[in-house]
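Encoded as structure tokens, the structure appears first; notes follow it.
Since every read-out is calculated from the coordinates, none of them should be taken as a lab result. What you are looking at is a predicted structure, and each value in this text was computed from that prediction instead of being measured. No Cβ is skipped: glycine too gets one built from the backbone with ideal geometry, and neighbour counts run over all protein chains shown.
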Protein chains: 2
Amino acid sequence: MNPPLTRSQLAQLDHDDPLAPCRERFLLPEGVIYLDGNSLGALVKTVPARVQQAVVQEWGQGLIRSWNDAGWYPAPQRIGAAIAALIGAQAHEVVACDSTSVNLFKVLIGALQLRPGRRVILGELGNFPTDMYVASGVAELMGAELRCVAPDELEQAIAQAGDALAVVTLTHVNYKTGRLYDMAGITAAAHRVGGLVAWDLAHSAGTLPVQLNACAVDLAVGCGYKYLNGGPGAPAFVYVAEQHLAQVRSPIAGWHGHAQPFAFTQGYEPHPGIDRMLVGTAPQLAMVALEEALSAFQGVEMAQLRRKGMALGDLFIRLVDEQLAGHGFGVASPRDAAQRGSQVALTHEHGYAIMQALIARGVIGDFRAPDILRFGFAGLYVRYVDIWDAVATLKAVMDSAEWRQPAFMARKAVT
Amino acid sequence: MNPPLTRSQLAQLDHDDPLAPCRERFLLPEGVIYLDGNSLGALVKTVPARVQQAVVQEWGQGLIRSWNDAGWYPAPQRIGAAIAALIGAQAHEVVACDSTSVNLFKVLIGALQLRPGRRVILGELGNFPTDMYVASGVAELMGAELRCVAPDELEQAIAQAGDALAVVTLTHVNYKTGRLYDMAGITAAAHRVGGLVAWDLAHSAGTLPVQLNACAVDLAVGCGYKYLNGGPGAPAFVYVAEQHLAQVRSPIAGWHGHAQPFAFTQGYEPHPGIDRMLVGTAPQLAMVALEEALSAFQGVEMAQLRRKGMALGDLFIRLVDEQLAGHGFGVASPRDAAQRGSQVALTHEHGYAIMQALIARGVIGDFRAPDILRFGFAGLYVRYVDIWDAVATLKAVMDSAEWRQPAFMARKAVT
């Protein structure tokens with residue numbers, strides 16, 4: 001057992017942190033410790049002016065001309081290329097568009113069609129519900145079979161599905177537990193039986209090194225508004241490995257996926273490249289916010305961000321162990337940082353009310369039913385001292401029992 | 001033949017126009033006559049401050065708390081209700097979400113499932129390509145048959161399809177010719193053989209009275225960035241008639257369509273109402289722009305807007321006839337205003353270059369391949385004198401033959 005930590009030791013870690021200057025790229029509210037960047041990323045300082053320019057100048061003054069003059073038209077590809085650099089993909093394999101759910105729908109149907117005759121979609125029981133909802137909808141629509149198993153049973157289930165396996169669909173980092181999958185290993189296992197993989201990078205893109213090409217990943221989707229900081233409901237993204245680009249089809253054959261969207265021909269001919277995954281007109285105000293937000297990654301090495309995310313998580317667990325013993329908390333995340341994304345989940349019978357009380361004191365995490373308190377550690381703007389202060393605040397909430405106030409017990413629509 | 005008009009007569013019309021004050025609700029660039037509101041609506045004055053508030057305060061300061069505190073969560077329903085009031089629907093029958101193309105995909109598959117055993121999707125040959133692309137993709141995916149006929153053959157094709165007809169899908173106002181369909185008549189014809197209708201309101205919502213309920217329309221989609229002025233790539237909307245709400249299913253079973261999105265249950269249970277058409281997280285920056293833009297319709301009667309749109313179109317055609325005879329233009333739109341939406345299409349062999357030259361002089365319309373010059377008349381901000389000045393400018397472009405300059409002949413990506 002190490003001797004107890006002190007806050008000043010953590011301040012020294014912040015002082016020595018090569019990523020510390022990145023925090024200056026964000027506008028963070030006074031008096032708040034924000035540990036929910038895994039749900040909605042913080043605001044990058046240059047975004048407000050960029051959005052205002054898009055509204056007032058590009059839209060207001062340029063009007064329709066801005067599709068050419070302001071670079072609106074190639075925004076999905078340009079942003080896709082920027083995201084590709086963060087997830088180990090080639091620039092022409094990624095586009096920003098639609099929502100994560102819509103993109104997952106596209107790639108799952110695309111995968112079934114790339115593997116005709118195979119009808120098993122394999123997923124994880126504890127995956128984020130929308131992934132499972134979308135997959136079950138796809139299975140119903142396509143006459144496929146959705147099999148869901150526990151994480152530890154995946155490799156066996158892959159082997160068992162064998163030549164019936166069309167696609168394995170998983171979230172790289174579990175939204176609740178933070179458990180990190182072995183992307184290379186599972187992808188290889190799926191390939192061994194001739195199946196494909198479709199990874200959801202919602203909780204990994206922008207916070208840890210993702211190596212889509214190196215892992216030979218076939219298909220992937222991800223979220224723009226978590227660690228990429230693109231703003232509430234920011235456009236999502238979709239990745240198709242180069243080798244599949246000529247064959248994969250999107251079920252939603254919209255005009256921006258056409259080989260020549262502005263030729264206005266009657267017949268649909270998919271674009272030869274990644275553009276074929278596009279559907280309708282890109283939401284430019286949301287696109288410019290996301291694109292500008294990605295500037296916060298300038299000069300950031302993902303490996304460095306990963307090391308900090310692991311350290312912040314380890315620190316959080318250690319302080320919870322040291323300071324909150326006897327308060328009824330459990331740790332639902334892997335204690336081994338190598339098996340964990342940039343978040344830690346605590347369990348508590350009264351998790352909802354405790355999280356509300358904590359938020360009232362300015363420490364923002366979130367709650368996931370039935371009993372999870374979720375804390376995310378976005379290394380670009382979370383400091384070591386923030387972890388100290390967050391756990392100290394949580395201790396104060398528990399010691400005072402203030403979470404028992406009726407205002408904290410009453411559920412809101414979104415938590 | 002009437003005596004030639006004068007500009008001062010038109011200035012008097014503007015003076016007497018009860019909608020004239022609405023123009024003050026918009027920020028329009030100096031020196032521009034904007035006749036492309038049917039492609040991208042102009043900027044409503046209050047939108048920049050509203051978007052900035054959403055970025056800086058709601059996102060930057062409120063962060064994740066704004067899902068509850070800033071009303072983000074119910075934005076799709078709130079905006080849907082505001083749009084419903086413009087299209088003759090009930091508030092609970094409309095939500096704002098996704099793109100028009102994605103929404104069309106949902107309702108076409110929904111329609112096929114509401115009419116099991118029927119496999120014909122009937123459309124129009126000259127409909128906007130994305131509508132046809134999406135419909136052909138749906139037909140391919142679902143083993144249905146897409147039949148496309150000319151507008152005048154529709155009623156016959158409906159009768160011919162008979163009990164094989166699942167759904168008729170049409171755009172209420174044709175994107176190119178501006179031809180306006182008889183919504184009540186075609187809907188009734190489809191219903192007579194037991195089929196459904198799915199109308200695309202891209203070129204009618206926000207510029208003329210749409211009576212979805214009165215016409216007994218089953219399903220509809222529409223665009224947020226044309227006459228609704230929601231900004232480039234604004235969220236679209238989807239309508240499902242009350243009688244179908246309990247049965248219709250969206251093929252894209254995302255979490256925001258779930259009965260309890262934040263219960264995080266494993267099984268998908270569609271929301272009992274219109275929310276079931278939602279998929280992923282709503283793009284809030286785009287949502288707030290659209291919602292604020294809708295304030296420009298306060299106190300506006302759609303019948304009045306319709307009368308002005310017809311009058312502007314009639315005026316445009318009359319001035320083209322009077323002033324541009326012999327320059328090779330044709331009128332591709334119905335000359336009878338009752339059969340035309342709020343736009344007029346001219347044809348010209350050199351339409352592309354002429355439109356570029358016109359835009360260079362500050363009169364903005366757009367070009368649609370192969371030979372259409374398209375002019376839209378958004379009655380909230382287009383004046384009668386604008387029509388005079390636009391035609392006079394077009395005459396100057398033709399008289400000077402300046403459109404023959406190489407800069408105007410060279411095609412850009414988007415036109």
Practice task
List A:374, A:307 from most exposed to least, where exposure is judged by having the fewest other Cβ atoms within 10 Å.
Solution key: A:307, A:374
Practice task
May I ask for the equivalent-ellipsoid semi-axes of segment A:1-128, computed as the square root of five times each C-alpha gyration tensor eigenvalue and listed largest first in whole Å?
Solution key: 36, 30, 14
Practice task
Compare A:327, A:244, A:203 in a GNM of chain A, Cα atoms joined below 10 Å, and give the one with the largest fluctuation.
Solution key: A:327
Exercise for the section: Apply the Karplus parameterisation 6.51 cos²θ - 1.76 cosθ + 1.60, with θ equal to phi minus 60°, to every residue of segment A:384-391 and state each ³J(HN,Hα) to the nearest whole Hz, in sequence, with x for glycine and proline. Expected result: 4, 5, 4, 5, 4, 5, 5, 5
Exercise for the section: Among the trypsin sites (Lys or Arg not before Pro) in segment B:213-290, which ones are in a DSSP loop with at most 16 other Cβ atoms within 10 Å of the Cβ? Mind listing them? Expected result: none
Fill in the blank from the handout: Rg from C-alpha atoms of chain B, normalised by the globular rule of thumb 2.2 N^0.38 Å, equals 1.01
Exercise for the section: Name the long-range amide H neighbours of residue A:229: under 5 Å, sequence gap of 5 or more, or other chain; modelled H, no Pro or chain starts. Expected result: A:41
Handout entry: Label-zone membership for segment B:341-364, site residue A:69, 7 angstrom Cα→C-beta point, backbone N under 20 Å
Key = B:352-364
Completion exercise
Pseudo-spin-label distance residue A:331 to residue A:57, built 7 Å along Cα→Cβ, given in nm, is 5.0 nm
Completion exercise
Least to most buried among B:39, A:99, by other C-beta atoms within 10 Å and fewest first, runs B:39, A:99
Completion exercise
Percent relative contact order for segment A:73-297, counting Cα pairs under 8 Å at least six residues apart, stands at 24 percent
Problem - Residue-averaged [θ]222 nm for chain A, counting only DSSP H segments that reach four residues, each worth -39500 (n - 2.57) - result: -10500 deg cm²/dmol
Fill in the blank from the handout: Counted neighbours (other Cβ, 10 Å), sorted fewest up, put B:154, B:278 in the order B:154, B:278
Practice task
Would you mind telling me which residue in B:380, B:63, B:228 has the biggest mean-square fluctuation in a Gaussian network model of chain B, where springs connect alpha carbons within a distance under 10 angstrom?
Solution key: B:63
Problem - 10 Å-binned pair-distance histogram of segment B:176-290 (Cα, whole percent) - result: 13, 35, 35, 15, 2
Problem - 3J(HN,Hα) from dihedral phi, segment B:230-240, Karplus parametrisation 6.51/-1.76/1.60, rounded to Hz, x for glycine, proline - result: x, x, x, x, 3, x, 8, 9, 9, 10, 10
Fill in the blank from the handout: Over 21 Å (Cα to Cα) among A:106/B:226; B:226/B:395; A:226/A:395; A:106/B:176; B:226/B:308; B:45/B:226 -> A:106/B:226; B:226/B:395; A:226/A:395; A:106/B:176
Completion exercise
Highest GNM mean-square fluctuation among B:338, B:135, B:42, for chain B with Cα springs under 10 Å, belongs to B:338
Practice task
For an R0 of 41 angstrom, estimate the FRET efficiency from the Cβ-Cβ distance between residue B:307 and residue A:260 and round to the nearest 0.05.
Solution key: 0.60
Exercise for the section: May I ask you to evaluate 6.51 cos²θ - 1.76 cosθ + 1.60, the Karplus curve with θ = phi - 60°, for each residue of segment A:305-318 and list the ³J(HN,Hα) values in order in whole Hz, giving x for glycine and proline? Expected result: 4, 4, 4, 5, x, 5, 5, 5, x, 4, 4, 4, 4, 4
Practice task
Kindly provide the pair-distance distribution of segment B:115-215 built from C-alpha pairs, with 10 Å bins from 0 and whole-percent values in order of increasing distance.
Solution key: 16, 51, 31, 3
Fill in the blank from the handout: In this structure, the FRET efficiency calculated for residue B:145 and residue A:214 from their beta-carbon separation, with R0 = 41 Å, to the nearest 0.05, is 0.35
Completion exercise
To the nearest 20 debye, chain B has a Cα-centred charge dipole, built from +1 on Lys and Arg Cβ and -1 on Asp and Glu Cβ, of 300 debye
Handout entry: Bridge type composition, segment A:73-297 - antiparallel percent by DSSP, nearest 5
Key = 35 percent
Practice task
Send over the semi-axes of segment B:257-322's equivalent ellipsoid, whole angstrom and largest first, taken as the square roots of 5 times the C-alpha gyration tensor eigenvalues.
Solution key: 44, 14, 12
Practice task
Using only C-alpha positions, report the orientation-averaged shadow area of the convex hull of segment B:354-415, nm², one decimal.
Solution key: 4.4 nm²
Problem - FRET efficiency, 1/(1 + (r/R0)^6) with R0 22 Å, evaluated for residue B:20 and residue B:318 via beta carbons - result: 0.60
Problem - Rg/Rh for segment A:320-376, where both radii come from Cα atoms and Rh is the Kirkwood radius - result: 0.96
Exercise for the section: With N set to the residue count of segment A:73-297, report its C-alpha Rg divided by 2.2 N^0.38 Å to two decimal places. Expected result: 0.95
Exercise for the section: Let me know the Rg and Dmax you get for the protein assembly as shown when you use only its Cα atoms, in Å. Expected result: 27.6, 100
Problem - Relative compactness, segment A:306-415, computed as alpha-carbon Rg over 2.2 N^0.38 Å - result: 1.01
Practice task
Tally the DSSP beta bridges in chain B and give the antiparallel ones as a percent, rounded to 5.
Solution key: 55 percent
Practice task
List the GluC sites (Glu not before Pro) within segment B:228-319 that fall in a DSSP loop (any state other than H, G, I, E or B) and whose Cβ has at most 15 other Cβ atoms within 10 Å.
Solution key: B:301
Completion exercise
Relative contact order of chain B (C-alpha contacts under 8 Å, at least 6 apart) in percent is 21 percent
